[in-house]
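Enquirer: The structure follows.
The values are calculated or read from the model by the stated rules, or taken from the named source; none is laboratory data. Computed from a predicted structure; not experimentally measured. As a convention, Cβ positions derive from the backbone with ideal geometry for all residues, glycine included, and neighbour counts pool all protein chains shown. Only protein heavy atoms, including side chains, enter the accessible area calculation; ligands, DNA and RNA are left aside. Shrake-Rupley method; radii C 1.70, N 1.55, O 1.52, S 1.80 Å.
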Amino acid sequence: MKYIAYTPMSIPSKLLILVGTMTNTAEYVAQAIEMDCMDLVPVIEVRMMDGLDISVFEEDALYVICSSTYGAGDVPDNARHLYESLSSQPKYLGQVRYGVIALGDSVYPQTFCNGGLRFDERLTDLGAVRIGEVFRHDASAGTEPEVVCTAWAREWLALALATTA
């Protein structure tokens, strides 16, 4: 039987929102969260996934993956390098606490929100711990993604901060 030493998590002072997008919707969502949630965490940084790799998860932060879905259920072009590095440079990410905002359109039921869901699956495989459920926004629902995703982010941040305290 293996025993794992419990080390309490420190409360991260930073929220890092990693953005995968083709049409900028995910970027607008991340910026809305940044503006609306500044009272909950000292530092919020929105970072486009362009050129990032698995090393981005070495920072002391809470993470939100905010990703649209592109093509046949793929991650957006700007997120591809980061996503692929999770397989080509795998390492244990047990220190990572994250949430996912998956953007999609239910008129494509087989691939609905797959961009964000792919990140979630791979991060979980590497030992990262998702806080809460994946938030799925449906472009066909007639809701403003910035509004509903920001409401989710406020609730998620409260949960995330409570579980890392």
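Enquirer: Could you count how many residues in region 63-87 are open to solvent by 10 Å² or more (accessible area, probe 1.4 Å) and assigned to a helix (DSSP H, G or I)?
Expert: Total satisfying the criteria: 7.
Enquirer: What number goes with the only condition from (1) at pLDDT 95 or above; (2) of a type outside the set (Lys, Arg); (3) open to solvent by 40 Å² or more (accessible area, probe 1.4 Å) that residue 54 does not pass?
Expert: If we test residue 54 against (1) at pLDDT 95 or above; (2) of a type outside the set (Lys, Arg); (3) open to solvent by 40 Å² or more (accessible area, probe 1.4 Å), just (3) comes out false.
The rows are residues; the columns are (1) within 15 Å of residue 160 (Cβ to Cβ); (2) at pLDDT 95 or above.
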position	(1), (2)
9	yes, no
34	no, yes
38	no, no
86	no, yes
90	no, no
97	yes, yes
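Enquirer: Take region 126-165 and flag every residue that is of a type in the set (Gly, Ala, Ser), surrounded by 15 or more Cβ atoms within 10 Å (Cβ to Cβ) and part of a helix (DSSP H, G or I).
Expert: Across region 126-165, the qualifying residues are 139, 153, 160.
Enquirer: A further question follows. So is residue 120 within 11 Å of the chain's Cα centre (by Cα) and acidic (Asp, Glu) or not?
Expert: So residue 120 fits the description; yes.
Enquirer: Just to be sure before I move on: is residue 119 at pLDDT 95 or above and assigned to a helix (DSSP H, G or I) in the structure I sent?
Expert: yes
Enquirer: Suppose we keep only residues that are within 14 Å of the chain's Cα centre (by Cα) and hydroxyl-bearing (Ser, Thr, Tyr) within region 22-68. Which one would you say is farthest from residue 104 (Cα to Cα)?
Expert: 63
Enquirer: Identify, please: which residue in region 88-117 is open to solvent by less than 70 Å² (accessible area, probe 1.4 Å) and of a type in the set (Ser, Thr, Tyr) and is, among those, nearest to residue 139 (Cα to Cα)?
Expert: Ranking the qualifying residues of region 88-117, first place goes to 106.
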